[in-house]
Amino acid sequence: MNVIETENLTKTYKRYKKREGIIGSIQGLWKREYEEKNAVNSVNLKIEEGEFIGLIGPNGAGKTTLIKMLTGIIAPTSGRIEVLGYYPNDLKNEFKEKYAVVMGQKSQLFFELTANDTLRLFKEIYGIPEAEYQERKQYFIELFGVEKLMNMQVRTLSLGERMKMELIAALLHNPQILFLDEPTIGLDAIASRQIRGFLKQVNQEKGTTIILTSHYMEDIKTLCGRCVVINHGSKIYDGRTEALFEKYQNSKKITAIFEQPVDGSRFLTDGLMLEDTPHKKVISVPKEKTYQVLQAIMEENPSDISVEEEEIGTVVERIYKGRSET
């Protein structure tokens, strides 16, 4: 069963082109020039119930605009859109009760209230019966391990702790679809890993359909079985996450720290030296050469070493370039 369907979904904005200087401002009072920008351009999308979808692309690609249309925050310019059988922009209460949105850079919590009082406020907003409320709240308290935080003011919580509370508040009314826009932005590695674990469990145990936007490779590769790539408002890839990165992720970044000065030239087989100081080497290495370069580095007894995936933006650029050339 498809919970989300779009057909040629388009959102176009008109932008005022102001000429430079005071004269340009005065001329703009009588005659204005506009340009149109397609933030989302003829996107066709079908998402089945229970899927965990990664929505990725560079900044300004149209990801957030797409989510805003799917949730009814803004109306599309043209095209067909249906979410859980509703036209989102009608903003019917029955529809709003069936989804939730969490944005990493915008909070829905009440900072002066305790976490307990905040959740009770959401309980009243959504009209959740007391018995169901207590059962769901306890489930999430145990899942997130936040029992000791429930009587603390939200403003005293750390960023990672607040994000856990954001997710509990969003999931309290048992939504069928959860939209996540950069939920791990600014979090440290431990908090990000915890959030990923919670989301995976909610998806598997509750069957919640989750649409996730993220610039963090680990979020996408760990959680999302399917990826939709957006660039310049257009969908340029829709398929298995594993296949996406197998085809388009060509290299890895190795960072090595040494206590003694080291000559990095012997590490460069087919790689590219991104940073070269006596005590630190950062190298971009083709995937197939990673093990070989790591062996050479380990012979120099590094004090610290890390291997990172390419950034999502780089992968998206490569997909778009390959698509343009075909």
Restricting the search to segment 231-257, which residues are hydroxyl-bearing (Ser, Thr, Tyr) and within 22 Å of Pro286 (Cα to Cα)?
Thr241, Tyr248, Ser251, Thr255
Quick check: is even one residue across segment 5-25 loosely packed, with under 14 Cβ neighbours inside 10 Å, under 27 Å from Asn203 (Cβ atoms) and of a type in the set (Asp, Glu)?
yes
Residue count, segment 201-226 (criterion: assigned to a helix (DSSP H, G or I), among the basic types (Lys, Arg) and in contact (Cβ under 8 Å) with a residue 60 or more places away in the chain):
1
Specify the residue that is farthest from Glu310 (Cα to Cα); the eligible residues are those in segment 42-96 that are modelled with pLDDT under 90 and in a loop (DSSP other than H, G, I, E, B).
Leu91
So is Glu20 modelled with pLDDT of 90 or more, among the acidic types (Asp, Glu) and farther than 22 Å from Val316 by Cβ or not?
no
For segment 135-157, check the following and say yes or no: at least one residue is without any contact (Cβ under 8 Å) to a residue 12 or more places away in the chain and in a loop (DSSP other than H, G, I, E, B).
yes
Could you check how many residues of segment 281-303 are within 27 Å of Arg318 (Cβ to Cβ) and in contact (Cβ under 8 Å) with a residue 24 or more places away in the chain?
12
Picking from Ile26, Ile53, the residue that is hydrophobic (A, V, I, L, M, F, W, C) and out of contact with any Lys or Arg (no Cβ under 6 Å at 6 or more places or on another chain) would be Ile26
Determine whether segment 213-225 contains at least one residue that is over 20 Å from Glu97 (Cα atoms), small (Gly, Ala, Ser) and at pLDDT 90 or above.
yes
Picking from Gly85, Gly79, Gly127, which residue would you name as being farther than 17 Å from Ile168 by Cβ, in contact (Cβ under 8 Å) with a residue 12 or more places away in the chain and of a type in the set (Gly, Ala, Ser)?
Gly79
Note: among Ala170, Ala100, Ala131, just one is in contact with a strand residue (DSSP E or B) (Cβ under 7 Å, 6 or more places away or on another chain) and assigned to a helix (DSSP H, G or I), namely Ala170
For residues that are in a strand (DSSP E or B) and crowded, with 19+ Cβ neighbours inside 10 Å, tally how many sit in segment 239-252.
2
Please verify whether Lys206 is among the basic types (Lys, Arg) and under 23 Å from Glu51 (Cβ atoms), treating the condition exactly as stated.
yes
Among (1) at pLDDT 90 or above; (2) not in a strand (DSSP E or B), Glu161 falls short only on (1)
Being under 22 Å from Thr213 (Cβ atoms) and surrounded by fewer than 19 Cβ atoms within 10 Å (Cβ to Cβ) narrows it down to one residue among Gln176, Gln138; which is it?
Gln176
Residues of segment 253-275 being at pLDDT below 85 and of a type in the set (D, E, K, R), which ones?
Asp263, Arg266, Asp270
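The values are calculated or read from the model by the stated rules, or taken from the named source; none is laboratory data. Everything quoted here is computed from the prediction, not taken from an experiment. Cβ: placed from backbone, ideal geometry, glycine included. Neighbour counts: every protein chain shown.
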